[in-house]
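Written out below as structure tokens is the structure these notes cover.
What follows draws every value from the coordinates through simple rules; no lab data is involved. Everything numeric in this text was worked out from a predicted model, so none of it was measured. We place every Cβ from the backbone using ideal geometry, glycine too, and count neighbours over all the protein chains shown.
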Amino acid sequence: MIITVTLNPAIDQTIEIDGLHVGDTNRVLANRWDIGGKGINVARALKELGYEPLAAGFAPGAMGRMIEDQLFDSGIGCEFVSVPGETRTNITILDRGNHRHTALAAPGPSVTPEASHALSTQLARRLRPGSWLVLAGSVPPPGEPTLYAELVGLAARHECYTAVDADGSVVQRLLELGARPTLLKINEQELERLMGAPMRSEEAVWAAAEWLRGRGLRDVVVTRGAAGAVAVTAEGRFRATPPPVEVVSALGAGDGFLAGLLLGLVRTSDWGYALRLAGACGAAVCCAIGPGCRAVEVHALLVGARVEPLGEPVAVLS
């Protein structure tokens, strides 16, 4: 089973314009609302690809009930913990002219220790040896990722794998707390914030990924947008190149990538296939309007995804 956890869900408003003019009036071409949060996006992509995930996390206020209703309507099983406050609203400005998006991310309501305990208890009933627990996205205020660290430990005690997809500051704190997820998926910008240095070359990305694996992470995958991804894993090092596509919006592409990666590993344990499927899923999201993908496009793009094995990883101890 793959269980996705979204601690800080959102209602995502996407405003499409043609050329962002700062300090001036911008005409809106389209305005769309979607339920969101990285874990929720991963669950939806898995469902589209024919897998039955379980979506879990916190669901604040009336908007939280709406998120649950939409997931159920989509045939996705979910078990969220209701918390006080209201689900945050994020605003994304998508510039059609250059396909770039600017995000305005709200913090979301804080979560009590009692709610965190309820989520941990709920997940413990679901975890089985060999399951994947996906911890994706931001942490509710005050932003202390202690619960992520606790859930990594909970999964380990149940002989489960964990995948973390979060910003660099969250990953840094997890390492400080001694949490070692099985798989870290991080994009290049998040990696720069984690390392405190720009990633000006592929060699710099490889070095950072090797360093992270040397800190006790089994697998590290860094996504680099159109440049693809690099992976340092227990099976070796890989360079992945996505299929070429005309980008409509890259919003949610990393979540699609993670869904494809995990599904590939669950189905085959083959990192080459998993990275190809991940690249196809991420590319399919880039072709879509909204954060999701269509299975037919994923399968069509799979033939254009490339993965190059580069030998065994070199673990660098901290």
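Quick look at the values:
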| read-out | value |
| --- | --- |
| Three principal axis lengths of the stretch 112-257 [C-alpha, angstrom, descending] | 44, 34, 29 |
| Whole-Hz ³J(HN,Hα) from phi, Karplus 6.51 cos²θ - 1.76 cosθ + 1.60, for the stretch 120-131, glycine and proline x | 4, 5, 5, 5, 4, 6, 9, 6, 10, x, x, 6 |
| Per-selection Kirkwood Rh - the stretch 109-187 (Cα, Å, 1 d.p.) | 12.7 |
| Cα pair distances of the stretch 36-142 binned at 10 Å [whole percent] | 13, 41, 34, 11, 2 |
| Ranked Arg88, Arg239, criterion: other C-beta atoms within 10 Å, fewest first | Arg239, Arg88 |
| Computed over the chain: relative contact order in percent, which uses C-alpha pairs under 8 Å that are six or more apart | 15 |
| Viscosity 1.567 mPa s, temperature 4 °C, Stokes-Einstein D of the stretch 3-58 from Kirkwood C-alpha radius, µm²/s | 97 |
| Cβ-based net charge around Ser110, under 15 Å, with every Lys or Arg adding one and every Asp or Glu removing one | -2 |
| Stokes-Einstein D in µm²/s, Kirkwood radius over Cα pairs - the chain at 37 °C with 0.692 mPa s viscosity | 167 |
| Cβ-based net charge around Thr146, under 13 Å, with every Lys or Arg adding one and every Asp or Glu removing one | -2 |
| Counting DSSP beta bridges with both ends in the stretch 171-303, the antiparallel % (nearest 5) | 65 |
| With 5 Å bins from 0: P(r) over the stretch 192-280, alpha-carbon pairs, percent | 3, 14, 24, 24, 21, 11, 3, 0 |
| Convex hull volume per residue for the stretch 240-289, taking Cα atoms only, in Å³ | 53 |
| Distance between the stretch 125-164 and the stretch 221-292 - C-alpha centres, whole angstrom | 22 |
| Leu49, Leu104 arranged by Cβ crowding within 10 Å, fewest neighbours leading | Leu104, Leu49 |
| Beta bridges per DSSP with both ends in the chain, % antiparallel, nearest 5 | 40 |
| Contact order normalised by residue count of the stretch 216-318, Cα under 8 Å, 6+ apart, percent | 31 |
| Evaluated at q = 0.24, 0.29, 0.31 Å⁻¹: base-10 log I(q)/I(0), Debye formula over Cα of the stretch 92-148 | -1.03, -1.24, -1.28 |
| Of the GluC sites (Glu not before Pro) in the stretch 150-184, those whose Cβ has at most 14 other Cβ within 10 Å and which sit in DSSP loop | Glu159 |
| Antiparallel content of DSSP bridges confined to the stretch 1-98, in %, to 5 | 25 |
| Distant alpha-carbon pairs in the stretch 168-231 (separation over 15 angstrom), percent | 43 |
